[in-house]
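Reviewing the structure listed below.
The values are calculated or read from the model by the stated rules, or taken from the named source; none is laboratory data. In this text the structure is predicted, and so the values were computed from the model without any measurement. Cβ sites come from the backbone with ideal geometry, for glycine too, and all protein chains shown count toward neighbours.
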Amino acid sequence: MTPGEKDIYDAVISADGRYLIYAALTPTSLSEIYRLDLETMTEEQLTNCHTAFHETTWQSIPEEFWFTSFDGTKLQGWIMPPAEITLGKVPLILQIHGGPHSAYTNMYSYEMQSLTAQGYAVLFLNPRGSVGYGQSVTQACRGDFGNGDYRDIMTGLAHALNTYPFADSSRLGATGGSYGGLMTNWIIGQTNKFKAAVSQRCISNWVSFYNTSDIGIAYTEGMVGGNIWENTDRLWERSPIAHVQDVETPLLLIHGVADLRCPVSQADELYTALKRWNKTTKLIHYPASNHTLLKSGKPSYRVDLLEQVTSWMKQYV
């Protein structure tokens, strides 16, 4: 109903019923307040809080695409070019959203924009499990984590590499938080395509997660299927920590110490396991920080987190 590509996250109707007033952001602009005239369907921007920022900062514009996954499912993705594309190819960072029952939209991402500003292209996808496709696709990953959702992501990556010639298939990185951190951990145990990975507020071990997370029982049984008494083998086999011997990708683990959703022990376990097998890894704890560290954490921690991600990618990709 509203014009343009926007991510609207709060809205009210005026007392006389004529206007819709809402807060929105776009892939290249931070939040502002808008007013839509419901009679004429004309939109007016009421605030200009971030004009100075946008006038002095380059923003990458995402390009939307659709691809057909391994089983014929049509899925959505975007790619963001870096600030400069030379005659050669540029490294590509795969960004994986949380949930999995969420979705990338026409939002603004500090994390992605910071990567493109450093010379990386960024790929982000809505694999099965994401919302917006209908119930059957949203529920398709339940009870089967690490199979269809993983294959969707790898199919989307292959599509992007075949479609966008500036993306270098030999210089790939992966990152994500929450479910995205879990999937990052899983990916590097299944393939060695990636030169570096950063896992944020992750899950690594379904068996220990089951009784330590604030949603451990319901989430584990929903995503993998079964409980720790009757289905231990299945939960272990679908745990990234079970595949550490196969990992060749340098992994940075970032976690808030006060995270109740994905307890910090999940990062600690994976770090210890990787060290046991002499893998390249690093662990960063942020004190008194919860599961929403990147969105609402202490500002200095959020800045440091972005710098840690780009530093790790620069070192290995």
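Here are some notes:
- Matching helices (runs of 4 or more DSSP H) fully within region 203-301 where at least 1 residues are of a type outside the set (Ser, Thr, Tyr), modelled with pLDDT under 95 and in the same structural domain as residue 191 (by TED's automatic domain parsing): 293-296
- Restricting region 150-189 to residues that are out of contact with any Lys or Arg (no Cβ under 7 Å at 6 or more places or on another chain) and closer than 15 Å to residue 274 by Cβ, the residue that is surrounded by the fewest Cβ atoms within 10 Å (Cβ to Cβ) is 189.
- Hits in region 4-55 (condition: part of a loop (DSSP other than H, G, I, E, B) and closer than 28 Å to residue 117 by Cβ): 4, 5, 6, 27, 28, 47, 48, 49, 50
- If you check 53, 67 for being touching a Gly at 6+ places or on another chain (Cβ under 8 Å) and hydrophobic (A, V, I, L, M, F, W, C), only one passes: 67.
- Matching residues in region 141-156 - criterion: being in contact (Cβ under 8 Å) with a residue 60 or more places away in the chain and outside any helix (DSSP H, G or I): 141, 142, 143, 144, 145, 146
- Filter result for the condition that a residue is of a type in the set (D, E, K, R) and in contact with a Ser or Thr (Cβ under 7 Å, 6 or more places away or on another chain), over 201, 142, 171: 201
- Taking the criterion of being in contact with a strand residue (DSSP E or B) (Cβ under 9 Å, 6 or more places away or on another chain) and at negative phi, the residues of region 195-210 that qualify are 195, 196, 197, 198, 199, 200, 202, 204.
- All positions within region 112-136 that are closer than 19 Å to residue 150 by Cβ and not small (Gly, Ala, Ser): 123, 124, 125, 126, 127, 128, 131, 133
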